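Worksheet: one structure, shown below.
What follows draws every value from the coordinates through simple rules; no lab data is involved. Every value quoted in this text rests on a predicted model; they were computed, and no experiment measured them. Cβ: placed from backbone, ideal geometry, glycine included. Neighbour counts: every protein chain shown.
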Amino acid sequence: MQATIISDTSCLILLDKIGELSLLHAVFGEIVTTQFVADEFGEALPDWISIQNPTNKSSQLVLETTLDKGEASAIALAMETGNSLLIIDEAKGRKIAKQLGLAITGTLGVLAQAKLNGHIPFLKPLLGKIQQTNFRISEQLVREVLKEVGE
């Protein structure tokens, strides 16, 4: 059974900024997010992204003591959804998700998978576009991701 793919806001915003939101669909098909994430994204969601909110509000409220509502809701949803992959970029959110035993990736992981699956011919030009946004990415991480995909 394919994992439920849950996206936090940063992946949606960043891929939209560089004109590559459709890669998320190409790599994973259907995506799930929460209403808080949809509100933070602030644009109409494509029809392949559905909204599902966590039912356990107490988990979300606890997470909101250290994270924003979007990240907290995405992590809470991943916690109660078996076999899920959470797409999350923010360091604090990633750390908490890992501590909770959740499977995670980030936007760069999505792009690397797009390259490995043949959806894009080269990753480097997209990383260049990302570096022109306000998204912070270290040169070391750029080198690691490019090495991972053979560029």
Fill in: Surrounding net charge for V27, when Lys and Arg each add one and Asp and Glu each subtract one, Cβ distance under 14 Å
-1
Worksheet item: Using a Gaussian network model of the chain with C-alpha springs under 10 Å, which one of T65, T34, T105 is most mobile by mean-square fluctuation?
Response: T65
Discussion item. Per 0.36 nm of contour for each residue apart, how much would the distance between F135 and E64 grow if the chain were fully extended, relative to their Cα-Cα spacing?
Written reply: 23.3 nm
Worksheet item: Once you put a point 7 Å from the Cα of Q35 and another 7 Å from the Cα of W48, both along the Cβ direction, what distance in nm separates them?
Response: 2.6 nm
Fill in: Long-range HN-HN contacts of I6 with modeled amide H, under 5 Å
V32, L85, L86, I87
Item to complete: For the chain, set up a Gaussian network in which alpha carbons nearer than 10 Å are linked by springs, and say which option among S58, S84, S73 fluctuates the most.
Response: S58
Worksheet item: On full extension of the chain, what length is gained from Q99 through A3, given 0.36 nm per residue of separation minus the C-alpha to C-alpha distance?
Response: 32.6 nm
Item to complete: Under a cut-off of 20 Å between alpha-carbon atoms, report the lysines in cross-link reach of K17, not counting same-chain residues fewer than 8 places apart.
Response: K115, K124, K129
